[in-house]
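One structure is given here, and the rest of the page talks about it.
Nothing in this text is a laboratory measurement; each read-out follows from the coordinates by a stated rule. Note that the structure is predicted; figures quoted are calculated from it, not measured. Using ideal geometry, Cβ is built from the backbone for each residue, glycine included, and neighbour counts are taken over all protein chains shown.
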Amino acid sequence: MKNKQMKKHNFYAGPSILPEYTIEKTIEGIKNFAGTGLSVLEVSHRSQEFVDVMKEAQQLFKELLDIPDDYSVLFLQGGASTQFAMVPFNLLNKKAAYLDTGAWSSKAIKEAKGFGETVVVASSKDKAYNYIPKNYQIPTDAEYFHITTNNTIAGTEIKEDIDSPVPLVADMSSDIFSRPVDVSKYVLIYGGAQKNLGPAGTTFVIIKNDILGNVDRHIPTMLNYQTHIDKGSMFNTPPVLAVFSALQTLKWLKKNGGVKAAQKRNIEKASILYDEIDRNKLFRAAVPDPADRSLMNITFVINEEFKEHEKAFLDFASQYGIVGIKGHRSVGGFRASTYNALPKESVEVLIKAMQDFEKKII
Ligand SMILES: *Cc1c(COP(=O)(O)O)cnc(C)c1O
C-alpha cells in the first residue's frame, strides 16, 4: 500500500467524478442516517426519514431546473438503457421521430422500432457522429420527437432547447444540471444519474403528467410511468442509497449557485481545454465545428504524424494524476469528461500535461 496517494484528476465519462461534499455526506449517511443511529442502507424506505429524502430530492430537482408544477420527477432503476424501451412502450402508438446523433441515440432508435414506425429524421453517422445534423424535418404526425442532448461518446452536444412541432423527449444522461433547461419545451427528460448527478443505481425521469394514456397496448406495472407518478416514485423499493447520494449533489449544486453558475464554470473549463487542443500541434478536436462541441465530454485525437505516441500520452498524463482520458473504443484518441464536479484545476493540470508532452515530442 502507498502511504500517501497522489491527487487524482478524474476525467471518467461515467460513473464519474462527484463533489467531495456528496462523498462525505454519503459516508455520514451510511454510518448514521438523519440521526437515527442506523445506516441509510438498513432503514425502511417507508420510514419518515427516507420519505423526506425522496421528497426533498424531487423538490430540489424541481427547484434547480425550474420545473413547472404539472411535471413529476421520478427516480427509477434500469438505467437510461431501460428508458430507451420505456419511452416508446408508454408513448409510441403509431409513429415516433428520432434524431440519430450517436451510439446512445441509435440504441434508443433500435428499441423504438419494436413498438411502431420509427422515423430517423437525420443522422450524423456518415461522419462518425462528429457533428449535430441541422435543417431536418420533423413529421408533424409523430407522437414525439426524441433527441440525445449530449453525446457522451462522440463529444457533441445540442446546447440549446430546440423547438419541436411535436412533443419533445430527451436523453440528458450526461448534461443534466450542466446548464439551465426550459423544461416546458419537453414532455419527458430522462437519464442515468451516474454522469452528473450521483452514483450509478438510479435513473431520473422528468415527465409531464398529462402525456400518458394514449397507447393501446398493455404496459406492465413497473414499466408504466403512471405507476410511479401516482406513487411519488415509491411504488416499490426505490434505490435508496443512490437517491440519498443524488440528493447530496443537488444540495451541493444549490450551495454553488445552481445551474446558471454551473454552466458558467462548464463553459470556462471547456473553452480553455478546447483552446489548448486547437493550439497544440499534437492534437486536434474530434468535433470540427465549435458550435457542436460538447461542454461535458471533450473528445480529441492525436494527429496522424504523431500516432505512434498515442499510448505514451496516456502513460505520460497518468504521471500527473490524470485518470480516465482514454477515448471510447469507437472514437479512439482521448476523452476528457468535464462534468459539474470536476474542478477547473484538473483541467489546468491536463492542459499542462499536453503542453509538456508537446515539448517532449516536438
Ligand atoms: C451513459 C449513457 C446512457 C446509458 O446509461 P445507462 O444508465 O448505463 O443505461 C444513455 N445515454 C447517454 C447519453 C449516456 O451518456
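Placing dummy labels 7 Å off each Cα toward the beta-carbon, the span from Lys360 to Arg329 is 2.7 nm. Mean residue ellipticity, 222 nm, helices only, the chain: the sum of -39500 (n - 2.57) across DSSP H runs of n ≥ 4, divided by residue count and rounded to 500, is -11000 deg cm²/dmol. Compute the Cα gyration tensor for segment 1-104, then decide on rounded, prolate or oblate, letting a ≥ b ≥ c be the square roots of its eigenvalues: rounded whenever a/c is under 1.5, prolate when a/b is larger than b/c in the other cases, and oblate in all that remain. Since a/c reaches 1.5 but b/c is at least a/b, the shape of segment 1-104 is classed as oblate. Working ranking of peptides 257-270, 125-138, 282-295, 95-108 by packing, defined as the average number of other Cβ atoms within 10 Å per residue, highest first, is 95-108, 282-295, 257-270, 125-138. The residues packed around Ser72, meaning those with a beta-carbon under 11 Å from its beta-carbon, carry a net charge of -1 if Lys and Arg are +1 and Asp and Glu are -1. Coupling constants for segment 324-340 follow from the phi torsions by the Karplus curve (6.51 cos²θ - 1.76 cosθ + 1.60, θ = phi - 60°), and in residue order they are x, 9, 5, x, 4, 4, 7, 10, x, x, 10, 9, 10, 8, 10, 5, 3 Hz; glycine and proline get x. Of Tyr12, Tyr190, Tyr225, the sequence from fewest to most neighbouring Cβ atoms within 10 angstrom is Tyr12, Tyr225, Tyr190.
Across segment 348-361, rounded Karplus estimates of 3J(HN,Hα) from the backbone phi angles (6.51 cos²θ - 1.76 cosθ + 1.60, θ = phi - 60°) give 5, 5, 4, 4, 4, 4, 5, 5, 5, 5, 4, 4, 5, 8 Hz, Gly and Pro being marked x. Highest mean packing comes first when the peptides 28-34, 118-124 are listed by Cβ atoms within 10 Å, giving 118-124, 28-34.
Decide, for segment 200-321, between rounded, prolate and oblate: order the square roots of the alpha carbon gyration tensor eigenvalues as a ≥ b ≥ c, take rounded if a/c falls under 1.5, and otherwise choose prolate if a/b is larger than b/c, else oblate. Prolate is the answer for segment 200-321, as a/c is 1.5 or above and a/b outweighs b/c.
Here the label points at Asn214 and Asn135, each 7 Å from Cα along the C-beta direction, are separated by 3.0 nm in the simple model. Note that segment 180-194 has calculated 3J(HN,Hα) couplings of x, 10, 7, 4, 5, 7, 10, 9, 7, 10, 9, x, x, 6, 6 Hz, one per residue in order, obtained from phi through the Karplus relation 6.51 cos²θ - 1.76 cosθ + 1.60 (θ = phi - 60°); glycine and proline are x. The DSSP beta bridges internal to segment 20-255 are antiparallel in roughly 45% of cases.
Residue ranges 162-172, 324-334, 142-152 sort as 142-152, 162-172, 324-334 when ordered by packing (mean number of other C-beta atoms within 10 Å per residue, highest first). Between segment 133-149 and segment 168-193, what's the alpha-carbon centroid distance in Å? Value for the Cα centre distance between the two parts: 16 Å. When the Cα convex hull of the chain is projected onto planes of every orientation, the mean area is 19.3 nm².
Rounded to the nearest whole angstrom, the semi-axes of the ellipsoid equivalent to segment 120-239, taken from the Cα gyration tensor as √(5λ), stand at 26, 20, 13, largest first.
Order these by the 10 Å Cβ neighbour count, fewest first: Ile229, Ile322, Ile362. The fewest-first ordering by Cβ neighbours comes to Ile362, Ile229, Ile322.
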